[in-house]
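Everything below concerns the one structure shown next.
The values are calculated or read from the model by the stated rules, or taken from the named source; none is laboratory data. For clarity, every value in this text was computed on a predicted model and none was experimentally measured. Cβ sites come from the backbone with ideal geometry, for glycine too, and all protein chains shown count toward neighbours. Note: areas computed on protein heavy atoms with side chains; ligands, DNA, RNA excluded. Shrake-Rupley method; radii C 1.70, N 1.55, O 1.52, S 1.80 Å.
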Amino acid sequence: MADLNEFISNDIQKYEAVARTLKNMLEPKNIKGYTENWWQKQIIHILLLIFPQYIAYFEKVKIKDHLSSKGKREIDIILINATGNLDIIEIKRPEDKPILAKGKYRDNHVPARELIGTIMQVEKYVINLIKQGKAGEDDLQKKYSNNIPGGLKLQINSPKGIIIFGRDADLTKDSEK
């Protein structure tokens, strides 16, 4: 049982370190110095720590756009889990842009335009991945085979879309009222 307690202690230390790192990254004085690319790289390392089911990731993945005439879309990050299934992440750099729109709709806070746009963007990525089917799986497998651990077979099975969308100092002000 002592070994298990050590693992639990290590996990607690890991999550405390992640919380400190994120808190520092989100300090208003620090945010301005980050590029979106730097922010994404830091976040992906944190995600791999706190979500151990993901064993690999690919950045800036181009996929065919089946919904418009644009040709291709670029997904910020695709995460691969231990069974080969993939999920996508769209990461926006933290800014002082509001997450919620001013005012309420039927006594509810609603997302701001940029967040709604990001949600739609991720939904389209998910739809495009699903529409690619087996051919899309094979294309990604071929393109990233050198970076897939243990010869794992990639699968597009109901991919999740994850959005990491900066911060909003106004939320804490609003909740304190």
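General observations
- Under the condition of being small (Gly, Ala, Ser) and in contact with a helix residue (DSSP H, G or I) (Cβ under 8 Å, 6 or more places away or on another chain), the residues counted in segment 105-144 number 1.
- Cross-chain or 6+ apart pairs with Cβ under 6 Å, segment 60-83 first and in contact (Cβ under 8 Å) with a residue 40 or more places away in the chain, then surrounded by 14 or more Cβ atoms within 10 Å (Cβ to Cβ) and among the basic types (Lys, Arg): ILE63/ARG73; ASP65/ARG73; HIS66/LYS131; LEU67/LYS124
- Of the listed requirements (1) outside any loop (DSSP other than H, G, I, E, B); (2) out of contact with any helix residue (DSSP H, G or I) (no Cβ under 7 Å at 6 or more places or on another chain); (3) among the small types (Gly, Ala, Ser), GLY33 misses just one: (1).
- Residue within segment 9-19 that is closer than 24 Å to LYS124 by Cβ and surrounded by 11 or more Cβ atoms within 10 Å (Cβ to Cβ) present: no
- In segment 28-52, the residues that are open to solvent by less than 70 Å² (accessible area, probe 1.4 Å) reach residues that are of a type in the set (Ser, Thr, Tyr) and at pLDDT 90 or above with C-beta atoms within less than 6 angstrom, at least six apart or across chains, in these pairs: ILE44/TYR57; LEU48/TYR54.
- When we screen GLU36, GLU27, GLU74, GLU6 for residues that are modelled with pLDDT of 90 or more and charged (D, E, K, R), the only hit is GLU74.
- For segment 111-129, taking the residues that are aliphatic (A, V, I, L, M) and open to solvent by less than 50 Å² (accessible area, probe 1.4 Å), the one that is nearest to the chain's Cα centre (by Cα) is identified as VAL122.
- Scanning segment 83-110 for residues that are within 15 Å of the chain's Cα centre (by Cα) and open to solvent by less than 30 Å² (accessible area, probe 1.4 Å) yields LEU86, ASP87, ILE88, ILE89, GLU90, ILE91, PRO94.
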